[in-house]
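Asker: Pasting a structure below so you can have a look.
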Amino acid sequence: MPYARAIARSRPPRCAPARPRLTLGAGVLLTLLAGTVALGCSPSRDSGTATPSTEEKESAPAEEQVAYFAGGCFWGVEHFMEQINGVKSVESGYMGGHVDDPSYEQVASQTSGHVETVRVRYDPTRTNYKQIAKRFFEIHDPTQANGQGPDIGPEYLSVVFYRNEDEKRATEELIGQLVERGYDVVTELRPASRFWEAEAFHQDYYERKGSKPYCHALVRRFDR
């Protein structure tokens, strides 16, 4: 991924839609006005800055689970993960570093400690973590230690950020299968930390551009 990407600039805040005009008593009207003042405007997501996931955002409903993977440029990983049946959405972002609310430039400077990561939201009644992790190992090169393809640097490392012991064990089993097949896997396993959603410019990049990934491809490593 070229270092000098153009980053989308912030859009002005968007306020909540105006309330319909009603004929109300004075007491009710005062109550509504007080509530409006307290709430104020709800700004839209800033497209020029990375946004953190919150506790509410990370608490997925029962019919939805999340998983985190880093395998080089997040554009390509996102592109292929979105094609898995049962995956509801994929967001590109950053994880694993020490800088809060990082920008792409900070991550690309290799001083933030963050790795380009995707957050996969999936329906556990249609797919499961191991199937998604399996696809992850088939869309990037888990044997490349210094990046992915032409993208070199610590922000492009191969990492699985596991959320619990079940995810860790499932990943270890897949790595073991690859090792048995002769792959020298260098993928790191790290506990998941805070996920910071990347700038809007990076979301659904290949879908918006109508192009294909330049350093990711589907390679059947397990079923052969």
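The values are calculated or read from the model by the stated rules, or taken from the named source; none is laboratory data. If you're wondering where the values come from, they're calculated on a predicted model, not measured in any experiment. Here Cβ is always computed from backbone atoms with ideal geometry, including for glycine, and neighbour counts include all displayed protein chains.
Conditions tested, residue by residue: (1) among the β-branched types (Val, Ile, Thr); (2) on the phi < 0 side of the Ramachandran plot; (3) not in a loop (DSSP other than H, G, I, E, B).
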position: Phe137; (1), (2), (3): no, yes, yes
position: Asp141; (1), (2), (3): no, yes, no
position: Gln144; (1), (2), (3): no, yes, no
position: Val160; (1), (2), (3): yes, yes, yes
position: Lys168; (1), (2), (3): no, yes, yes
position: Leu178; (1), (2), (3): no, yes, yes
position: Val185; (1), (2), (3): yes, yes, no
position: Ser193; (1), (2), (3): no, yes, no
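Asker: Give segment 186-220 a look and list any residue that's surrounded by fewer than 18 Cβ atoms within 10 Å (Cβ to Cβ), modelled with pLDDT of 90 or more and touching a helix residue (DSSP H, G or I) at 6+ places or on another chain (Cβ under 7 Å), or say none.
Answerer: Leu189, Val219, Arg220
Asker: Now, a different point. Give segment 60-98 a look and list any residue that's assigned to a loop (DSSP other than H, G, I, E, B) and surrounded by fewer than 16 Cβ atoms within 10 Å (Cβ to Cβ), or say none.
Answerer: Ala60, Pro61, Ala62, Glu63, Glu64, Gln83, Asn85, Gly86, His98
Asker: Let me ask something else. Return the only residue of Asp166, Asp151 being acidic (Asp, Glu), at pLDDT below 95 and more than 18 Å from the chain's Cα centre (by Cα).
Answerer: Asp151
Asker: Which residue, of Gly153, Gly210, Gly149, is on the phi > 0 side of the Ramachandran plot and free of Cβ contacts under 8 Å to residues at least 12 places away in the same chain?
Answerer: Just one listed residue meets the conditions, Gly210.
Asker: Determine whether segment 113-135 contains at least one residue that is in contact with a His (Cβ under 9 Å, 6 or more places away or on another chain) and in a loop (DSSP other than H, G, I, E, B).
Answerer: The answer is yes, given that some residue of segment 113-135 is in contact with a His (Cβ under 9 Å, 6 or more places away or on another chain) and in a loop (DSSP other than H, G, I, E, B).
For every residue, the table says whether it meets (1) in contact with a strand residue (DSSP E or B) (Cβ under 8 Å, 6 or more places away or on another chain); (2) among the hydrophobic types (A, V, I, L, M, F, W, C).
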{"residue": "Ala67", "(1), (2)": "yes, yes"}
{"residue": "Cys73", "(1), (2)": "yes, yes"}
{"residue": "Ile139", "(1), (2)": "yes, yes"}
{"residue": "Thr143", "(1), (2)": "no, no"}
{"residue": "Tyr162", "(1), (2)": "yes, no"}
